[in-house]
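Enquirer: Before I ask anything, let me first share the structure, which is written out below as structure tokens.
The values are calculated or read from the model by the stated rules, or taken from the named source; none is laboratory data. The structure displayed is predicted, hence computed values, not measured ones. Here the Cβ is made from the backbone with ideal geometry for all residues, glycine too, and neighbour counts use every protein chain on show. Side chains are part of the model used for accessible areas, which takes the heavy atoms of the whole protein and leaves out ligands, DNA and RNA. Shrake-Rupley method; radii C 1.70, N 1.55, O 1.52, S 1.80 Å.
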Amino acid sequence: MSGTFVGMPGHAPPAHPAFPKAAHDAVHDATLRANLRHATHTIRAKRARAVGELSDWAALREAGRQIKDHTLRHLDRYLLRLEESVTAAGGTVHWAADAGEANRIVTRLVKDTGESEVVKVKSMATQEIGLNEALAAEGIRAYETDLAELIVQLGEDRPSHILVPAIHRNRHEIRDIFRTEMGKWGRPAPQGLTDEPADLAEAARLHLREKFLRAKVGISGANFMVAETGTLVVVESEGNGRMCLTLPETLISVVGIEKVVPSWRDLEVFLQTLPRSSTAERMNPYTSTWTGTTDGDGPRVFHLVLLDNGRTDTLADRVGRQALRCIRCSACLNVCPVYERAGGHAYGSVYPGPIGAILSPQLRGTQSEIDASLPYASSLCGACYEVCPVAIDIPEVLVHLRERVVEGGPAVRNGNKVVLRPAKGHAAERAAMRAARWAFTHPGALRTGQRVAARTRRLHPRALPGPGRAWSDTRDLPAVPPESFRDWWRRTRGGKDGDR
């Protein structure tokens, strides 16, 4: 299976075109756009109704923001508390600085069991580090059990949405994938399989059941980790995750360090905001929690792999660190006009959409072509901020990262303070911004330029020349008004109330 791999911090991801090129190709796929439009509009409308039921939604949102910010400020303390709690409950904690170390730890743990296959709960952290590929290289086969992840795996595809990884597929395509690919991975699809949702779900259930009953090792992520008790939490809608969490003899959980919360009580907030923002449900059908190991109940061995992989570097950025508040609800994707038209694959990351546009360039750096382009994958309309249940100001971080791409400057990479060089291809943008800064600090020159632009507006081209074409090729140039606001004000007010 070819997966999307975020990779180790400081290392470029596998070759992927910059977002403008990838998006240009995607918007010409009529089937993809129809699938995305139908799915995102449906989820968006359902979410609005679910959120509207709560009169204290704004207070819950603010509480979530404060809990996350407090935890990030004291992350070292809560991670050590988490390690103590997990260890006391019978689990073993491993620390992974990057993707390579995490993959080595998990591979070794699986090999120690003597098994050659594992079942997996839907996990973005394991997709981020390319765990399936790392296991396959060592002769270990990983089976995805989330329905959408199963579709992606069988189709040798890549996830395109945080919540619904196969959102770009319609049910006819899924039927064809099941018919042709299921038999290569295990139990084949039933004869005469139709594209009715119930039939597709039944085919997946039969295919996965034999894997659940046979597997000795399960691998998961977690939505939250409670430092106070050492408890991990997974929320889902299908129940397949719970099968992975309870039936295998060994459970290995790979979780980003930002997923910790201080106390069990904090879950009260997130277990209200996450389901409403993601699946538009009052609560998830399956909320699984586990604390270490318990005799006669669940796995006999539990390992927790705490993953950094660029998160500490992100934490050092005063503006960018708010991306670590993310609880992976995907609400920002469903309201984003750019994501709706381009789809998730254009982002070249396991984290697509607005949150991916600010998270991936921080985890990986902005040296590669795709990462340098992601902060520009937005119209800055602000819809993503309005729906975020932990109030991440995504437009603010996008502008912050654009400045980093164009100007370079101080940053933290691999735990070291560095000075980044400006990304290639932005010389014209730097020159334009410096010219604008000069004009705005010289009112007389600005006033003259506005008057000249207004009087020559009939001669203006429909597209900008030279480097400016990168902007006007995908946008209509705004029409220049017959007079500037300054001149209109002077003409209508006669210079009264100040002339500035």
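Enquirer: Filter the stretch 104-129 for residues that are touching a Cys at 6+ places or on another chain (Cβ under 6 Å) and farther than 17 Å from Val255 by Cα and give the result.
Expert: As a first pass, look at the stretch 104-129 and keep what is touching a Cys at 6+ places or on another chain (Cβ under 6 Å): 119, 121.
Those that are touching a Cys at 6+ places or on another chain (Cβ under 6 Å) and farther than 17 Å from Val255 by Cα: none in the stretch 104-129.
Enquirer: While we're looking at this one, here's another question. Select, from Val406, Val387, the only residue that is touching a His at 6+ places or on another chain (Cβ under 9 Å), of a type outside the set (Gly, Ala, Ser) and open to solvent by less than 50 Å² (accessible area, probe 1.4 Å).
Expert: None of the other options fit; the residue is Val406.
Enquirer: With a cut-off of at least 3 residues that are surrounded by fewer than 17 Cβ atoms within 10 Å (Cβ to Cβ), name the helices (runs of 4 or more DSSP H) lying wholly within the stretch 97-191. It would help to see each step written out before you state the result.
Expert: Working: elements: 99-113, 124-128, 131-137, 147-154, 171-185.
Helices (runs of 4 or more DSSP H) meeting the threshold: 99-113, 131-137, 171-185.
Enquirer: Within the set of pairs 6 or more residues apart or between chains, which connect a residue that is open to solvent by 20 Å² or more (accessible area, probe 1.4 Å) inside the stretch 317-336 to a residue that is part of a loop (DSSP other than H, G, I, E, B) and at pLDDT below 95 with Cβ atoms less than 7 Å apart?
Expert: Arg328/Ile162
Enquirer: Also, I was wondering about something else. Any idea which residue in the stretch 469-495 is least open to solvent (accessible area, probe 1.4 Å), counting only those that are more than 44 Å from the chain's Cα centre (by Cα) and without any contact (Cβ under 8 Å) to a residue 12 or more places away in the chain?
Expert: Checking each candidate, the answer is Gly495.
Enquirer: Could you please find all residues in the stretch 63-96 being in a helix (DSSP H, G or I) and open to solvent by 70 Å² or more (accessible area, probe 1.4 Å)?
Expert: Within the stretch 63-96, Gln66, Arg73, Asp76, Arg77, Leu80, Arg81, Glu84, Thr87, Ala88 meet the criteria.
Enquirer: Of the residues Ala102, Ala89, Ala96, which is touching a Gly at 6+ places or on another chain (Cβ under 8 Å), modelled with pLDDT of 95 or more and aliphatic (A, V, I, L, M)?
Expert: Going through Ala102, Ala89, Ala96 in turn, the sole match is Ala89.
Enquirer: Continuing with the same structure: Return yes or no: is Gly239 more than 24 Å from the chain's Cα centre (by Cα) and modelled with pLDDT under 95? Walk me through it before giving the result.
Expert: On the way: more than 24 Å from the chain's Cα centre (by Cα): no; modelled with pLDDT under 95: yes.
When the stated conditions are applied, Gly239 does not pass them.
Enquirer: Among the residues of the stretch 436-455, is there at least one that is within 18 Å of Val405 (Cβ to Cβ) and open to solvent by less than 70 Å² (accessible area, probe 1.4 Å)?
Expert: yes
Enquirer: For the stretch 416-423, indicate whether the set of residues that are over 30 Å from Glu268 (Cβ atoms), in contact with a helix residue (DSSP H, G or I) (Cβ under 8 Å, 6 or more places away or on another chain) and at pLDDT below 85 is non-empty.
Expert: Taking the stretch 416-423 first, the residues over 30 Å from Glu268 (Cβ atoms) are 416-423.
Checking which are in contact with a helix residue (DSSP H, G or I) (Cβ under 8 Å, 6 or more places away or on another chain) leaves us with 420, 422-423.
From the residues that got through so far, the ones that are at pLDDT below 85 too are 423.
Taking every residue of the stretch 416-423 in turn, at least one turns out to be over 30 Å from Glu268 (Cβ atoms), in contact with a helix residue (DSSP H, G or I) (Cβ under 8 Å, 6 or more places away or on another chain) and at pLDDT below 85.
Enquirer: Determine which single condition Ala198 fails, assuming it passes every other condition in (1) surrounded by fewer than 20 Cβ atoms within 10 Å (Cβ to Cβ); (2) free of Cβ contacts under 8 Å to residues at least 24 places away in the same chain; (3) in a loop (DSSP other than H, G, I, E, B).
Expert: The failed condition is (3).
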